[in-house]
1. Please report Rg (one decimal) and Dmax (integer) in Å for the Cα set of segment 86-151.
2. I want to verify the translational diffusion coefficient of segment 61-121 in µm²/s; compute it with Stokes-Einstein, Rh as the Kirkwood radius over Cα pairs, at 4 °C and 1.567 mPa s.
3. Taking 0.36 nm per residue of sequence separation and subtracting the Cα-Cα distance, how much length would be gained by fully extending the chain between Asn75 and Ala149, in nm to one decimal?
4. Can you give the relative contact order of segment 69-179 as a percent, counting alpha carbon pairs under 8 Å and 6+ residues apart?
5. Each label point is 7 Å from the Cα along the Cα-to-Cβ direction; what then is the distance between the points at Leu90 and Arg122, in nm?
6. Using a 10 Å cut-off on Cβ atoms, rank the peptides 139-146, 178-185, 104-111 from the highest mean neighbour count down.
7. Provide Rg over Rh for segment 120-192; use the alpha carbon set for both Rg and the Kirkwood Rh (inverse mean inverse pair distance).
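What follows is calculated from the coordinates using simple rules that are stated; it is not laboratory data. All figures in this text were calculated on a predicted structure; none of them were measured in a lab. Because the Cβ atoms are built from the backbone with ideal geometry, glycine has one as well, and the counts that use them run over all protein chains shown.
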Amino acid sequence: MSKSRKADLNYLYNLYGLTFIYILTIKDVLIVNLLKSIDKKVYFCTKLKIYNKMATNRTFTMIKPDAVANGHIGNILAMITNGGFKIVSLKLTQLTVADAQAFYAVHAARPFYGELVEFMSRGPIVAAILEKDNAVEDFRTLIGATNPAEAAEGTIRKAYATSIGENAVHGSDSDENAAIEGAFHFAGREQF
């Protein structure tokens, strides 16, 4: 990215508090939603060339509002690091309804979408980007089945999920989605 392009984006960010949502492909970053205003945040659309941003050894996770409210952040992070994952980005935040709708837009036509959006925006979450060889697959194994009754012993969901809907953690299902989801929550300067 050119210095002038970076300066323009930084200026817009500092002046207007722009929120950038990135969708990563192997060579490009596409920032979503052409100049839409949602909750006084402006989403800016442009295409930027980024190299070496897509790492197949990274995945994204969220500790969901149920697990945060129940005080399981520390235990879940311990299971993650004991599972051999390095935390490269981490923050406690709360999704607005608009954020949750955008993050879960892929499920918009499904009957559970409204409940999912309501649940994910009801309280704080912990967002994290994790790194490890074979990160996506290994993390999916560590979190366990969506239904905690079917989750294997020793998995995060077996230990901390209370139901299919309130299942403690989110884990990306592909390298591509890990990049998209991580960039949704973390600016490039927040990813180490």
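1. Radius of gyration, then largest Cα-Cα span, for segment 86-151: 13.9, 35 Å.
2. 99
3. 24.7 nm
4. 24
5. In this crude spin-label approximation the distance works out to 2.6 nm.
6. 178-185, 139-146, 104-111
7. On the Cα set of segment 120-192, Rg over Rh gives 0.99.
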